[in-house]
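> Provided herewith is a single structure, encoded as structure tokens, for subsequent inquiry.
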Amino acid sequence: MMMKRMGSWMLLALLTLVGEWYGRCYGCLEEERIGLLEIQSSIDPDGVSLRDWVDGSNCCEWHRIECDNTTRRVIQLSLRGSRDESLGDWVLNASLFQPFKELQSLELEGNGLVGCLENEGFEVLSSKLRKLDLSYNGFNNDKSILSCFNGNLSTLKSLDLSENGLTAGSGGLKVLSSRLKKLENLHLRRNQYNDSIFPSLTGFSSLKSLDLSNNQLTGSINSFEIISSHLGKLENLDLSYNIFNDSILSHPSGLSSLKSLNLSGNMLLGSTAVNGSRKLDFLQSLCSLPSLKTLSLKDTNLSQGTLFNSSTLEELHLDNTSLPINFLQNIGALPALKVLSVGECDLHGTLPAQGWCELKNLKQLHLSRNNLGGSLPDCLGNMSSLQLLDVSENQFTGNIAFGPLTNLISLEFLSLSNNLFEVPISIKPFMNHSSLKFFSSENNKLVTEPAAFDNLIPKFQLVFFRLSSSPTSEALNVIPDFLYYQLDLRALDLSHNNITGMFPSWLLKNNTRLEQLYLSDNSFIGALQLQDHLHPNMTNLDISNNNMNGQIPKDICLIFPNLHTLRMAKNGFTGCIPSCLGNISSLSFLDLSNNQLSTVKLEQLTTIWVLKLSNNNLGGKIPTSVFNSSRLNFLYLNGNNFWGQISDFPLYRWNVWNVLDLSNNQFSGMLPRSFVNFSILGVIDLSGNHFKGPIPRDFCKFDQLEYLDLSENNLSGYIPSCFSPPQITHVHLSKNRLSGPLTYAFFNSSYLVTMDLRENSFTGSIPNWIGNLSSLSVLLLRANHFDGELPIQLCLLEQLSILDVSHNQLSGPLPSCLGNLTFKKSDKKAILEVAYGFISESIEKAYYEIMGPPLVDSVDNLRNFFLFNFTEEVTEFTTKNMYYGYKGKVLNYMFGIDLSNNNFIGAIPPEFGNLSKILSVNLSHNNLTGSIPATFSNLMHIESLDLSYNNLNGAIPPQFTEVTTLEVFSVAHNNLSGKTPERIYQFGTFDESCYEGNPFLCGPPLPNNCSEKAVVSQPVPNDEQGDDGFIDMEFFYISFGVCYTVVVMTIAAVLYINPYWRRRWLYFIEDCIDTCYYFVVASFRKFSNFRR
């Protein structure tokens, strides 16, 4: 009998293997293959998203397809985001999917669906359809939804209508419930539903899972009571990110089957008053849910609540939530708890030694991104069941070799990153942790141990390992020895460690399943030598910012045939770029910038999504195929020697260009009008070339443009008045020959952060509408021909932080309202970058196999993020008598005003002293008068103050010495008087050139000393003083008397010595007397006649 059973099982296994082999060898059914190709021609005619759907190949191996191994029929079809956007809205003919008789799952997410043809809805599909995903489409009303559900779909178990802009409407969901009798899972997140949706849900009596997150629900009509009385089978309920308050659980009974509840992101306080009297403790009301096992209250405020008792709750997620006082001490009331996640909860101090340590069943503990410090308490070592521990991004201290972590031998996942731990390089404390698979420790202090520990063989085989030292501690310098015994690594990150030597190819040899290798920011030298061994699993390789050289191996494509990301920037690689990289169909990101590469065939690299070849020695013309690529979205060729005209390129298709950076090359000719044919053009940088002619009016069609840099060319003419891209944030047109008034260019660009029009020939006044640019932070109009007064509308720009209108012909008084500018820190000035994060599917799969489905956010720690700039934003501004280029974080904190070299008149407004955060003020080379405001002593952060070459008078306020941040100071060439400031602090460093050209100024470092009398008679300036005290009046009277006496005596001496001049002088006096006499007589006679 046993032999017969065994034979039956063997026969069954053999038939299964044969069926699988048959399916793989012979592929899917012909009718279904034809049906799939028809779908491709209908939604993706250019083969962009479904490019591997090729006629003649086995369609069961196509991307997005899953077939049954036995029947060879398609059972799962995922067309998520596959439809070409240029095709517009999609009215579906569901008969497209009729060939698939055994289809069980259909995903149509993000394809622009707005409805179905009449009588061609999903009711025509397979009777085996269980799952239907219609999320992220355009079903925005009941009619559009119901057009796709004309008949009964009794077999459908799961329906996703998320993010469609749906509203409660006129009972569409109620009608839908009558046609989907057996629906168990309904996803309606990210729509526009309000409380009127709840009565429409009562017909879904079979529902087990309901997702209403991210809507506009308030609970005003006893929503929870409606759900509990009609949806009694509900096990999972997601009401997160709505507008519910604590009263949502005032009637929680009736949901006896509810196992999972998510109320994150609502207006919860922990307790509230009901009807003005009875106090409802929200947390305590959760006790009425007897089967509750998972509770999520992220992004809420529970500070007023009291922790409830529960013998069933196993998972509690409270990330980014304000918690009650002593929360960790009281959480012992949840003895069944297995998962606790309290990341970003502003927990501070040290971890207590009671409460949370009593959770003996706890398996996963997530404490990252808090302000906890001190050493880890010893009681942590008693949590023998703990499998995941994440304490990253805190302030914990201590050497982990002597703490409780050595006792947690059940750990499978450990993240210690971004703390103040001391971590032994040998990882000796975890040598006996045989279950450990994921280890992350970056930005801690690495410590060395005696040589005896170097060759210890660990019991664990890691899947993920990340180790780096903090910037202030000693670098790693060598690869840890224990890695020689690791044979199952999928991801290894040893970046930022200053490791020396040759590229460690033995890591690849030992770990054949390695997928991600990050060795950037080290000191590897020599050529990249790869062993002649295929590594098909490698997807991400980063060796950027080392000291490697030589040529890129030509067989790199054969060794790594499935690369997704290859980063080799900032080395010394020379020679040619292997063209075979373009044949790696999976390669999406290639960064070879900042090397010494000299040869490239760009037409063979157009299949790559992000291509960075900046700052090499590449040259030649750009092939037309580059601009017609359907795949290439980010192209960086800046800092090379490419040449030719790009205005002549014909464009055969509508392309998406997120970034096109051709700056600092040798391109010439007119600006390309054909760029308007790109369906999306986000960032374009053509600066530092030889383009000429006007800016084409066609550029007015750039509706999606966010960044434009055409600086340092030979462009001329006016800026088209229609050029006002609504999305643009940064525009650079400096150092051209553009002219004319601004008229209405940029009038509607309300998101504009930087406007750089320096060194052109613009004329007219600065337009008043500039005050409407509410986001404007950097305004650079230096070296043009603007005239008129400085518009007071500039004072409306609350984000303004850098203003440069120097070297123009502006006139009039300085607007005192400029003193009201607040100078706020702005990240928008410098941020033009994208975070690109990788975590391979197989690592997620390994995590899933080892840890199960991710229950806390710690899995995100496995991602390797790096930033790549759209284009580096640099703002040039004159300060400290130097022309600086500000970028990055320095630019975010730069605040300055330069009004120099104009014709401004009047006094300096005392309100300028309110600019307490400003770093640089330049008012030189104007016609300003009056005294220096004493309020300038309030500029406690100022580093550069230039008031030279004006007509300022009075004394320099002695309070200036209180400003200790000044590095550059000049009041030269004015009419200042009195004594120079006391030579203390920064003023002790300023030399004579800072004060020269003020004849009545005295004191060191000037050569003329101040007499006691002069010092006493100095006028003391104040903010109300006008032109009084222009000079010392006593000094004036004395000098005038002396000069008058000298002149009279000189004349008398000349007349006495020379008789000829004496006679001529007497004759002259005689003539004057006669003339005056006859004038008086004649005038008298005329007056007498007039009276008569």
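> Which order do the peptides 979-986, 390-397 come out in when sorted by mean C-beta neighbours inside 10 angstrom, highest first?
Highest mean packing first, the order is 390-397, 979-986.
> Then there is this: Can you tell me the length gained on complete extension of the stretch Asp1071 to Asn222, counting 0.36 nm per residue apart and subtracting the Cα distance?
294.1 nm
> Select from the chain the helices, each a whole stretch of DSSP H, whose alpha-carbon atoms run 24 Å or more along the helix axis and whose Kyte-Doolittle mean is at least 0.0; answer none if there are none.
2-26, 1033-1057
> How big is region 891-957 by the Kirkwood estimate over distinct Cα pairs, in Å?
So the Kirkwood estimate lands at 12.2 Å.
> Modelling each spin label as a point 7 Å along the Cα-to-Cβ direction, I'd like the Ile325/Tyr1044 distance in nm, to one decimal.
The answer from the label model is 8.4 nm.
> Using +1 on the beta carbon of Lys and Arg, -1 on that of Asp and Glu, and nothing else charged, what's the dipole of the chain about the Cα centre, debye to 20?
With Lys and Arg at +1 and Asp and Glu at -1, about 1080 debye.
> Apply the Karplus curve 6.51 cos²θ - 1.76 cosθ + 1.60, θ = phi - 60°, to the phi angles in region 195-211 and return the couplings in whole Hz, x for Gly and Pro.
Values, residue by residue: 5, 5, 6, 4, x, 6, 8, 5, x, 8, 6, 8, 4, 10, 9, 10, 10 Hz.
> Still on this structure, please answer the following. Summing -39500 (n - 2.57) over the DSSP H runs of n ≥ 4 in the chain and dividing by its residue number, what mean residue ellipticity at 222 nm do you reach, to the nearest 500 deg cm²/dmol?
-4500 deg cm²/dmol
> Let me ask something additional. Let me have the relative contact order for the chain, percent, based on Cα pairs under 8 Å that are six or more residues apart.
3 percent
> May I pose another question? Run the simple label-point estimate for Lys509 and Ile34 please: 7 Å along Cα→C-beta, distance reported in nm.
The two pseudo-label positions are separated by 5.5 nm.
> Let me ask something else. For the chain, give me the percentage of DSSP beta bridges that are antiparallel, rounded to the nearest 5 percent. Present the calculation step by step, with values, prior to reporting the outcome.
Values: 19 of 179 bridges.
Roughly 10 percent of the DSSP beta bridges within the chain come out antiparallel.
> Search the structure for amide H atoms under 5 Å from the amide H of Gly764, placed 1.01 Å from N in the peptide plane, and list their residues when 5 or more places away or on another chain.
Hits under the 5 Å cutoff: Asp787.
> Something else now. What does the highest-first list of 90-102, 528-540 look like by mean Cβ count within 10 Å?
Details: 90-102: 17.8, 528-540: 15.9.
Descending packing order for the listed peptides: 90-102, 528-540.
> Would you grab the residues whose amide H sits under 5 Å from the one on Gly978? Only those 5+ places off in sequence or on another chain, please, with H modelled 1.01 Å from N.
Cys1002
> Follow-up question, since we're still on this one. Under the rule of at least 5 residues apart or a separate chain, name every residue whose amide H is placed under 5 Å from the amide H of Gly501.
Long-range HN contacts for Gly501: Ile525.
> Could I ask something else about it? Give me the distance between the Cα centres of region 400-462 and region 756-797, rounded to whole Å.
59 Å
> Candidates [x] -0.70, -1.04, -1.20; [y] -0.69, -1.16, -1.40; [z] -0.69, -0.93, -1.06; which is the computed log10 I(q)/I(0) by the Debye sum over Cα atoms at q = 0.06, 0.08, 0.09 Å⁻¹?
Computed from these coordinates, log10 I(q)/I(0) by the Debye sum over Cα atoms at q = 0.06, 0.08, 0.09 Å⁻¹ corresponds to label [y].
> To make sure I understand, if each residue's beta carbon is the centre and we count other beta carbons within 10 Å, what order do His941, His433 fall in, fewest to most?
Listed from fewest to most nearby Cβ atoms, that is His941, His433.
> Which whole-Hz couplings ³J(HN,Hα) result when phi for each residue of region 946-959 is put into the Karplus expression 6.51 cos²θ - 1.76 cosθ + 1.60, θ = phi - 60°, listed in order with x for Gly and Pro?
10, 10, 5, 6, 9, 10, 5, 10, x, 8, 6, x, x, 5
> Let me ask another. Calculate one ³J(HN,Hα) per residue across region 803-816 by plugging θ = phi - 60° into the Karplus curve 6.51 cos²θ - 1.76 cosθ + 1.60, and present them in order as whole Hz with x for glycine and proline.
Along region 803-816, the couplings run 10, 9, 10, 5, 6, 10, 10, 6, 9, x, x, 7, x, 5 Hz.
> A further question on this structure: Along the charge dipole of region 326-405, pointing to its positive end and built from +1/-1 on Cβ of Lys, Arg, Asp and Glu, which listed residue (Cys357, Thr397, Asn371) has its Cα farthest out?
About the Cα centre, the residue reaching furthest to the positive side is Cys357.
> Points 7 angstrom from Cα along the Cβ direction at Ser774 and Asn498: gap in nanometres?
With each label point 7 Å from Cα toward Cβ, the separation is 4.9 nm.
> Applying a 10 Å radius around every beta-carbon, put 629-639, 171-181 in order of their mean neighbour count, most first.
629-639, 171-181
> What FRET efficiency would be calculated for the residue pair Tyr744, Met670, taking the C-beta separation as r and a Förster radius of 25 Å, to the nearest 0.05?
Result of the calculation: an efficiency of 0.55.
> Follow-up. Figure the gain on full extension for Val890 and Ser311 (residue separation times 0.36 nm, minus the Cα-Cα span) and round it to one decimal in nm.
Contour length minus Cα-Cα distance gives 203.1 nm.
No lab work stands behind these numbers, since they all come straight from the coordinates. Just so you know, these numbers come straight off a predicted model, no measurement behind them. With ideal geometry, Cβ positions are generated from the backbone for all residues, glycine too; neighbour counts draw on all protein chains shown.
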